Amino acid sequence: MPTGWMPPELGSHAIAPRRVRKGFADESVFSDFRFQAPREDRDFPEVFVCTERMSYDPGETVEFLASTTADRWSMTIYRDGHAPELVEQAEGLSGAFAATSPTAYMDGCDWPVLHTWRIPHDMRSGFYRVVSTCERAHGERFIQHHFVVVRPTPQTQKGRILFVLATATWTAYNDWGGANHYFGTWGANRNEGSPILSLRRPWSRGFVWLPDGAPRITLDRAPRMNEMPRYPSKEWGYPGGWAQNYACAGWAQFDRHFAVWAESQGYDFDVITQTDLHARPETLDRYSCVVTVGHDEYWSWDMRQAIESFVERGGNLSRFGGNFLWQIRFEEDGGKQICWKSKAPKQDPLRDDPQRKHLVTCAWESPAVGWPGASTVGVNGYHGMYANWGSFTPRGSRGFTVFRPHHWAFAGTNLSYADVFGSEAGVFGYEVDGLDYTFSEGLPHAVPASGVPDNIEILAMSPAVLFEHEQVGSGFRNYIGDDDLETIVSMAGDAPDVARRKLRYGSGMMVSMPRGKGHVVTAGSCEWIVGLTRSEPFTEKITRNILDRFSAE
């Protein structure tokens, strides 16, 4: 198949319906959130596809579970990246309808297999986008996007870089079928986010594919004096029928930006999911550099152990992302993701298990877990959080201020002390990671704390906050306010007033940390990747310096 091929329907993506469906929730319960679910109405043909797993080996057969109200439907599969490649095309597939459970978000979709794809034995690793379509009246077409990841084998491996997709965070925000970890129809009153999420379900619209120009969460410009707070992704997403959290997580909004840029720069890399990192840590042994990017919020205990062991043995971690915050668990062989979040200290079933209570799905820094994120990635979400959107530092620099310009990561940039880089592209923002810090002789240093390594170098940083500045004006309304601050405070070991003072102001940092025989460099910002997409020269050069050094070792 030709490289550079793009499916023709992408320019005419139909709006996927969202409405309250019988058996899900009533209007009074549904007033504060929305989610994607099938109409199950033959007058509005649609097709939804999912798979038992996210990733497969070459030679395996992928079974596509599907439900459609159309008589015929089609599927196209192509490897996504800088030059998309068509790998499979099936037209005129027979349709079959299967009902979707009101609890599909946690039980999965019990649908029949309507199509299969045998992955060639020599298929290279990557992200393979699955486009399913059916015709509607008046030439309109319903389109749904899914994906599978083809894992590398020793025979198909490309280079020394392994790109680990932030799929646990994607899952946490995916509301398809009625809920995600934040909101939904779980609970006694069917108005809570679910602590249990199935991976056997489709992805909400916008997680796998977005049109060029889809707004990001961060602001493109600083607000004028007394201008009301704006939330561009919410304003654009709602009328267009996009997922409520399309801009928060996913391949389309984050990880794809790195993949496209890295391929355009000639880097060879392989791709796995976080479930692979959890279940197959031996995969790391064939690589010298692991990369994670974007919104990278949720990790399991085993994932962290795998990365720390990899670095101790001489591997290197390049983390171009932010918001390292929550522990998750997998159940049913990775088929379900568990995260009780702030409910964990009182409701997680493992909270009283003496052998497994360390796996309670709470924040890493909370007393319930007590394994600071800085141990693995050099920073943590507790001391970072939000910047450059809504009323979260809306007039901040949008870039990083340099404090240690002589570090090798800045080689060839000519950056000097106090220079700001990345502001034009907006590389600092949405959610960021930092540390509690102090200044000495003009340089920032991490405040000593239990579980925080004492050899972390803070290379660059910028301020962040855990609450929205209160805006006063007619019609003004903040989206989050101080809700997240209060959530984090509720899990802290300090008294509420003490915890608020400690956590309300934070930072996002770029840090360097040796560990054993290996090294960790973290650029703790979700938006680092837009500096690559927008060709910001300092961000590109720093990224190359890190990848080149780590992949050569």
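The values are calculated or read from the model by the stated rules, or taken from the named source; none is laboratory data. None of the values given here were measured: they were computed from a predicted structure. For neighbour counting, all protein chains shown are included, and Cβ atoms are generated from backbone atoms with ideal geometry for every residue, glycine included. Each accessible area value is taken on the protein alone, full model and side chains, heavy atoms only, with ligands, DNA and RNA left out. Shrake-Rupley method; radii C 1.70, N 1.55, O 1.52, S 1.80 Å.
Numbers below:
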| read-out | value |
| --- | --- |
| Rounded percent of accessible protein surface that carbon and sulfur make up, the chain, 1.4 Å probe | 48 percent |
| Asp352, Asp57, ranked by accessible area, largest first (probe 1.4 Å) | Asp352, Asp57 |
| Separation of the His358 and Glu40 label points, Cα + 7 Å toward Cβ, nm | 4.4 nm |
| 16 Å tail of the calculated P(r), the range 287-335, as % of Cα pairs | 48 percent |
| Distance between the range 208-231 and the range 321-352 - C-alpha centres, whole angstrom | 31 Å |
| Fraction in percent of alpha-carbon pairs per bin - 20 Å, the chain | 22, 58, 20, 0 |
| Cross-link partners of Lys343 among lysines (Cα-Cα below 20 Å; sequence separation of 8 or more within a chain) | Lys357 |
| Computed P(r) (all Cα pairs; the range 375-520; 5 Å bins; percent) | 2, 10, 17, 20, 19, 15, 9, 5, 2, 1, 0, 0 |
| Charge dipole (the chain, unit charges on Cβ, about Cα centre) - positive-most of Leu86, Trp170, Gly108 | Trp170 |
| Taking the C-alpha atoms of the range 55-121, convex hull volume expressed per residue in Å³ | 122 Å³ |
| Integer Hz, Karplus 6.51/-1.76/1.60 couplings in order for the range 547-552, x for Gly and Pro | 4, 5, 5, 6, 7, 8 |
| Surface accessible to a 1.4 Å probe, per residue, for the residues of the range 417-469, Å² | 43 Å² |
| The range 27-172: radius of gyration over Cα atoms, expressed as a fraction of 2.2 N^0.38 Å | 1.16 |
| Degrees between helix 301-312 axis and first principal axis of the chain (Cα, 0 to 90, nearest 10) | 50 degrees |
| The range 285-384 pair-distance distribution - Cα-Cα, 10 Å bins, rounded % | 15, 45, 32, 7, 0 |
| Antiparallel DSSP beta bridges within the chain, percent to nearest 5 | 75 percent |
| Calculated from backbone phi, Karplus (6.51, -1.76, 1.60) coupling profile of the range 132-138 in Hz, x at Gly/Pro | 10, 9, 8, 7, 10, 5, 6 |
| Alpha carbon centroid spacing (whole Å) that separates the range 486-513 from the range 61-112 | 43 Å |
| Order of exposure, largest accessible area first, which applies to His383, His145, His445, His138 with probe 1.4 Å | His138, His445, His383, His145 |
| Column: log10 I(q)/I(0), Debye, Cα scatterers of the range 463-532, q = 0.17 Å⁻¹ | -0.86 |
| The range 437-445 - phi-based ³J(HN,Hα) in whole Hz, Karplus 6.51/-1.76/1.60, Gly and Pro as x | 9, 9, 10, 9, 6, x, 10, x, 9 |
| Computed magnitude of the charge dipole of the range 117-231 (debye, nearest 20; Cβ of K, R +1, Cβ of D, E -1) | 320 debye |
| Arg224 versus His121: modelled label distance in nm, points set 7 Å from Cα along the beta carbon direction | 6.7 nm |
| Sum of -39500 (n - 2.57) over DSSP H runs of 4+, divided by residues of the chain (222 nm, nearest 500) | -4500 deg cm²/dmol |
| Extended-chain gain in nm, criterion 0.36 nm per residue less alpha-carbon gap, Lys517 and Glu470 | 12.2 nm |
